[in-house]
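Working notes for the structure below.
The values are calculated or read from the model by the stated rules, or taken from the named source; none is laboratory data. As the structure is a computational prediction, the values presented were derived from the model and not from experiment. Cβ atoms come from the backbone with ideal geometry, glycine included; neighbour counts cover every protein chain shown.
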Amino acid sequence: MNRFPGTMRDFAPVLAVCAAVLFPTASPGQSYPVKPIRIVVPYAAGGATDNYARVLGPRYTEAWGQQVIIENRPGAGGNIGSAVVAKAAPDGYTILLNTSGQAIAPALFRKLPYDAAKELQPVVMLVRGVQMLMVSPAVTAGSVKELIAQIKANPGKFNFGSNGVGSGPHLAGELFRSLAGLEVVHIPYKGDAAMTPAILANEVQYAFLPGAAATALVRAGKLRALGVASGTRTTFFPEVPTLSEAGVPGYELSTWAGLFVPGGTARDIVQKISAEGVRIMRLPEVQKFFGNLGVETLAVGVEGFEARYKSDLEKYAKLIRDAGIPQED
């Protein structure tokens, strides 16, 4: 005999309400993180990008109480590590720390093992890398306009150097060539260590050097800086104008480093990682650390980084195409 009036079906709505009150459903972001997180660096240990991760990791751990493991996955110009993250579960436990090379890769490489626009979600832009237009001691130009005038008076006789085909300094030089209408010769070297002696010896008359290297050479009195490649002046040399200010209107090509997660990661998780990254980058000791490396902290959140990444994918694709830079396998 049934001791209770009605059936279980009759009580279902009441039970559902009780369950909702006693056991509220948590969104992914509310419960995240509940296990260790890995930050994948697509370059070898000991480099600048690896250093960035090793500053961030312990601070995320301190804030969230979960271990953050730094995993180096170098190879193929950063594409191996990027692919690892792009193909990982979109749950926030696998994070990529990469540079603006991430926006260059789709145009530079013939075929990537992932879709850079769809399979990687920008989270937070951490820093801006400054590139400076440096001239050899043998070059008499004291300004960007004077350098342009000298190059145009001697077409094909000026060389500009870079640390490799498709690198940031190479593309900065190609944009300068294009916007200023110059006829120059590009000479690629195997890294900054080989390019710096070349500009000192006047094998190349100018080059774009990253902030830390440029700062050391300027302060040592070995090279002169004529302009900054980014859209605003650098705090390291506020007296040096941007290239746009100095006579090349519309020039802007700064580098960056930032965090990405797999595409499809829940928005609240993305926002949580981003907000914590912004907080960390605003810590005085973190800003001092990055300043000593010659980069400027940015702490740009999700929406701003999404817009910048999309813009850079388009900008670098056009630049590489217009410069006739051959794609790599």
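Values computed for the structure shown
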| read-out | value |
| --- | --- |
| Subset tally (residues that are outside any helix (DSSP H, G or I), of a type in the set (V, I, T) and either more than 13 Å from the chain's Cα centre (by Cα) or more than 14 Å from G211 (Cβ to Cβ) (or both)) for region 287-322 | 1 |
| Candidates G250, G277, G264, G258 - the one that is part of a loop (DSSP other than H, G, I, E, B) and either in the same structural domain as K145 (by TED's automatic domain parsing) or under 17 Å from L96 (Cβ atoms) (or both) | G264 |
| Scan of region 229-256 for residues that are within 16 Å of G142 (Cα to Cα), of a type in the set (V, I, T) and surrounded by fewer than 17 Cβ atoms within 10 Å (Cβ to Cβ), ordered by number | none |
| All helices (runs of 4 or more DSSP H) inside region 1-102 with 1 or more residues being at negative phi and at pLDDT 55 or above | 28-31, 48-64, 79-86 |
| Residue satisfying condition, being out of contact with any Asp or Glu (no Cβ under 8 Å at 6 or more places or on another chain) and either within 21 Å of S230 (Cα to Cα) or at pLDDT below 95 (or both), within set V139, V185, V135, V130 | V135 |
| Complete set of residues in region 193-228 that are polar (S, T, N, Q) and either without any contact (Cβ under 8 Å) to a residue 40 or more places away in the chain or buried (at least 19 other Cβ atoms within 10 Å of the Cβ) (or both) | T196, Q205 |
| Residue within region 239-249 that is among the small types (G, A, S) and in contact (Cβ under 8 Å) with a residue 60 or more places away in the chain present | yes |
| Scan of region 144-158 for residues that are aliphatic (A, V, I, L, M) and surrounded by 17 or more Cβ atoms within 10 Å (Cβ to Cβ), ordered by number | V144, L147, I148, I151 |
| Region 124-143 - residue that is aliphatic (A, V, I, L, M) and under 15 Å from A214 (Cβ atoms) and, of those, surrounded by the most Cβ atoms within 10 Å (Cβ to Cβ) | M132 |
| Residue within region 317-327 that is out of contact with any Cys (no Cβ under 6 Å at 6 or more places or on another chain), under 22 Å from I95 (Cβ atoms) and hydrophobic (A, V, I, L, M, F, W, C) present | no |
| Cβ pairs under 7 Å, 6+ apart, first in region 181-192 and in the same structural domain as K145 (by TED's automatic domain parsing), second crowded, with 17+ Cβ neighbours inside 10 Å and part of a loop (DSSP other than H, G, I, E, B) | V184/F158; I187/V204; Y189/N163; G191/N163; D192/N163 |
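Okay, residues lined up against (1) farther than 16 Å from R128 by Cα; (2) at pLDDT 95 or above:
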residue: G250; (1), (2): yes, no
residue: V278; (1), (2): no, yes
residue: N292; (1), (2): no, no
residue: L298; (1), (2): no, no
residue: F305; (1), (2): no, yes
residue: K315; (1), (2): yes, no
residue: D322; (1), (2): yes, no
